[in-house]
Amino acid sequence: MLVNLINEKKNKKITSKQIANLLNTREATISDKLNGKSRFSFDEAITIQKVFFQNIN
């Protein structure tokens, strides 16, 4: 699942900083989540999808 997010993030040139700003958290926290050290909450995942990936269900 995170592989898809990472690939789509690269394809759309979305930075971890942009995601961190959206979720009002540190960039290091996003890095930890993308590297599997912690998990995105359901609400965070939905927010990311709605803002950056509206065309992907």
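The values are calculated or read from the model by the stated rules, or taken from the named source; none is laboratory data. This one's a predicted model, so the numbers in the text were calculated from it and none came from an experiment. Positions of Cβ are backbone-derived with ideal geometry, glycine not excepted, and every protein chain shown enters the neighbour counts. Please note that ligands, DNA and RNA were not included when accessible areas were found on the heavy atoms of the full protein model with its side chains. Shrake-Rupley method; radii C 1.70, N 1.55, O 1.52, S 1.80 Å.
Observations on the model:
- The residue among L23, V3, F40 whose Cα reaches farthest toward the positive pole of the charge dipole of the chain, with charges on the beta-carbon of Lys, Arg, Asp and Glu, is V3.
- Rounded to the nearest 10 Å², the accessible area of E8 at probe 1.4 Å: 70 Å²
- Percent carbon-and-sulfur accessible area, the chain, ignoring ligands, DNA and RNA, probe 1.4 Å: 50 percent
- Ligands, DNA and RNA are left out, and with a 1.4 angstrom probe the accessible area of the chain is 76 Å² per residue.
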